[in-house]
Amino acid sequence: MTAILTSTLFKPLTARGVTIPNRTVMAPMGRMFAQNHVPHPDAPAYYRRRIEGGIGLVITEATGVGHPLAADHGGTPHMHGEAALAGWKKVVDEVHGVGGLIFPQLFHQGMLHGGGNPDVPVNSLRPSGTIGTPGPTSFAPQFIERALAPTRPMSEEEIADAIAAYARSVKNAVAVGFDGIALHGAHGYLIDSFLWGESNRRTDRWGGDHKQRTAFAVEVIKAARAEMPDDMPLVFRFSQHKSSNYDARNTETPQELEAMLGPIVDAGVDILDASIRRFWQPAYEGSPLNLAGWAKKLVGKPVIAVGSVGLGFTASETFMKTGTEQADDNIALLMERFNEGEFDMIAIGRSLISDPDYVNKLRRGEEPVRFSRKALETLA
C-alpha cells in the first residue's frame, strides 16, 4: 500500500445536507454484544475508535425496529425502548465528540426470525409463508429444517404494522441524534424477502414482477423519509445472496436490477449499499462490473461496494479452517476499480475489527493488523 495508491479515497462526498469526509465506510457488522437488546457499555468507545482510525462514516450493526419479531437474539440491539435509546445516545455522543458521522442500520429479520437463536420458535413474518429455496448458508441445519415448514402469508394488517415499526424506529434514531438512516434491504431479511421472487409469490399489490415486488420497500422508504429532516441522507442496502442461501439471486440481468432499484431510489434513497461477499465478483455474465457498479450505471446514485476488503482472494474459504485472513492483499485491485469509477465508496468490515486504525494505515501506506478469529471475542 502507498499513499499515492489510496489518495483518491480521501475526498469528500456530499449526500443531501451531510458531507462525508472520505470514501470509507465502516460496514454494518452484527457483533452480538448487546445486553438484552441494549447497546453494550463498550459500544460507544468501539465506534469512536473507528472514527479516530480514519473511517469516513460508521454504519452500525443491524438494529431491530420496534416490532416484536424484529430481532430474535438479545445480543442484537433495538432502536426502541428507553434503555436501548439511552445506550445509542451514548454511542452517538461519543462519535460526535471526535467529529464523526454515524448512521444506524435498521432491520427486521422477517422470514429469518429464529435463525440467530435456537431457543426461539420460528414464528416469522413472511410475504408468502415460505423462506424460498435454501442453499449454502452459515445458519444451523436445524434452523433451516424448521424454517422450511410453511407458514401463512403476511396479512395486510401485519404489513402495515411492520411499515409503522420502521417509521417509529427512524423517528427514534432522529431524536437520538444520528446523522442519517440506513435501511437493511438485503440478505433475506424482511424488506428483501419481498424483493426476492422465491419468497414473494403474492399476487396482490405486494407481489408480481421485479418492479411490483418493490412495493413494500417503497412504502418503508416513504415512511422513513416522512420522519426524517429533508437534509438527512438515507442509505438502502440490497443484495443478491441471502443468509439462508448464498447462491440466491434477486435478479439475473441488469434490466431486472434496474426494474428493482428504480422505484426504490425514486422513493427517497440517496446512497445505495450493494452487499457483495467479494467486491471483485462480477454481477452478470459479459461484464466485469460488480453489483455496486451496475447499480451506479443504471440509476446514477452514489453507491457503496463491500466484500472482503483487505482479506485477500482466498480468505473467505480459509477463514473457518485457520481462523486468520493471511491471503494476498487486494487493495491494489480495490483502488484500480475505485479509480475507474465503478463505485463511489467502499465499506470495510472484518479488517476494521482487528485494526481500528486500518483506514489511517491505508492512507499512510502502512501494514495493518490482519484479521483473526480472536478479534471477535471482544468489542474492542
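The values are calculated or read from the model by the stated rules, or taken from the named source; none is laboratory data. Because the structure is a prediction, the values reported are computed rather than measured. With ideal geometry, Cβ positions are generated from the backbone for all residues, glycine too; neighbour counts draw on all protein chains shown. Accessible surface is based on the protein model in full, side chains and every heavy atom, while ligands, DNA and RNA are left aside. Shrake-Rupley method; radii C 1.70, N 1.55, O 1.52, S 1.80 Å.
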Inset, instruction - Mind ranking 236-244, 62-70 by how tightly packed they are, going by the mean number of other C-beta atoms within 10 angstrom, highest first? - result: 236-244, 62-70
Inset, instruction - Would you compute, for the Cα atoms of the chain, the largest minus smallest coordinate along each principal axis and list the three values in descending order, in whole Å? - result: 55, 51, 45
Inset, instruction - At 1.4 Å probe size, with no ligands or nucleic acids counted, give the accessible surface of W206 in Å², nearest ten. - result: 10
Legend entry - Computed Kirkwood radius, in angstrom, where 1/r is averaged over Cα pairs of the range 1-94: 14.7
Inset, instruction - Would you mind pulling out the separation of the Cα centroids of the range 42-64 and the range 179-231, in Å? - result: 26
Legend entry - H113 accessible area, assembled protein chains, probe 1.4 Å, Å²: 10
Inset, instruction - Take the Cβ-Cβ distance between Q35 and K222 as r, set R0 to 45 Å, and report the resulting FRET efficiency rounded to the nearest 0.05. - result: 0.85
Inset, instruction - Can you give me the three principal axis dimensions of the range 179-248 from its C-alpha atoms, in Å, biggest first? - result: 36, 28, 14
Legend entry - Heavy-atom accessible surface of the range 52-194: percent carbon and sulfur, 1.4 Å: 55
Inset, instruction - In vacuum, with every alpha carbon of the range 95-146 counted as one equal point scatterer, what does the Debye formula give for log10 I(q)/I(0) at q = 0.16, 0.19, 0.27 Å⁻¹? Two decimals, please. - result: -0.57, -0.69, -1.16
Legend entry - At least 15 Å along the helix axis (C-alpha) and Kyte average at least -0.5, DSSP helices within the chain: 82-97, 156-176, 215-226, 254-266
Legend entry - Dipole of the range 33-168 [Lys/Arg +1, Asp/Glu -1 at C-beta], most positive-end residue of A149, T60, F139: T60
Legend entry - Shape metrics for the range 127-173, restricted to C-alpha atoms - Rg then Dmax, Å: 14.6, 37
Legend entry - Residue-normalised accessible area of the chain, expressed per residue, 1.4 Å probe, Å²: 38
Inset, instruction - Could you please put L376, L257 in sequence from largest to smallest accessible area, using a 1.4 Å probe? - result: L376, L257
Inset, instruction - Using a 1.4 Å probe and counting only protein heavy atoms, arrange H73, H108 so the residue with the most accessible area comes first. - result: H73, H108
Inset, instruction - Provide the gained length on full extension for the span T151 to A332, in nm with one decimal, where the gain is 0.36 nm per separating residue minus the Cα-Cα distance. - result: 60.4 nm
